Amino acid sequence: MTNVRPSQQMRDLGVVQEGAAILTTPARPFNLPSERDEAEHIVDELFAALNRISQVHPFAKGMGIAAPQIGIGRAAAVVQPPGDAPAIILLNPRITAHAEASDEQYEGCLSFFDVRGLVPRPLEITVETTALSGETAATVYEHGLARLIHHEIDHLDGLLYTAHMRAGATPIPVEEYRQSGQAWSYEDA
């Protein structure tokens, strides 16, 4: 029996992998409510992908996926917080404000799951999203949830977390990360 690398496992589950142009191309926003049916279909696809992934890999810290990661260049993402919290649907999200205070934690990405990188992020962000009805709303997210949501919005902006790492820093193999004792925990945030 061969050992399948985590990134290959994600590829097999339909997650687009690093190197694909769609991951570095800004996603196209929805014109809501006129594109409501398309937005709902893409959100359904994102939930289906999250379900497939969660069947093979538990994410105790929460997880998210953006439409470009499943090959769709539209501005939609879904974040599943840890525990029993309801999923957060992000349509046309944009960060409108962020706290000066930040921390630096390890992050992983479904699109290059063999490594983890130390990424500084603000401890609080304000995110404006568009509802299917076309109305906009702003929500403040803090700590671990802010990190998860910021990561997914980056995907929609065509950025990977490596763009936020400190100069000279590089991701480390997942095996080294597991041995580092510095594993990020949502509950610690």
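One table, with the values for the structure above:
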| read-out | value |
| --- | --- |
| Accessible area, probe 1.4 Å, largest first, for residues THR130, THR136, THR96 | THR136, THR96, THR130 |
| Anisotropy class of segment 64-121 from Cα gyration tensor, a/c 1.5 cut | rounded |
| Listed peptides 69-76, 81-88, 32-39 by packing density, highest first (mean Cβ within 10 Å) | 69-76, 32-39, 81-88 |
| Accessible solvent surface per residue of the chain, calculated while the other protein chains remain in place, 1.4 angstrom probe, Å² | 50 |
| Phi-based couplings in Hz for segment 136-147 (Karplus 6.51, -1.76, 1.60; Gly and Pro marked x) | 9, 9, 10, 9, 9, 10, 10, 6, x, 5, 4, 5 |
| Accessible area of the chain belonging to carbon and sulfur atoms, whole % at 1.4 Å probe | 50 |
| Segment 80-189: C-alpha gyration tensor shape, a/c 1.5 cut-off, then a/b vs b/c | prolate |
| Among (1) 93; (2) 135; (3) 123, the entry derived from the coordinates for volume of the Cα convex hull per residue in Å³ | (3) |
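The values are calculated or read from the model by the stated rules, or taken from the named source; none is laboratory data. Given the structure is predicted, the values throughout are model-derived calculations rather than measurements. Note that each Cβ is placed from the backbone with ideal geometry, even for glycine, and that neighbours are counted across all protein chains shown. Ligands, DNA and RNA are stripped out before the accessible areas are found, and what is left, the full protein with its side chains, is counted by its heavy atoms. Shrake-Rupley method; radii C 1.70, N 1.55, O 1.52, S 1.80 Å.
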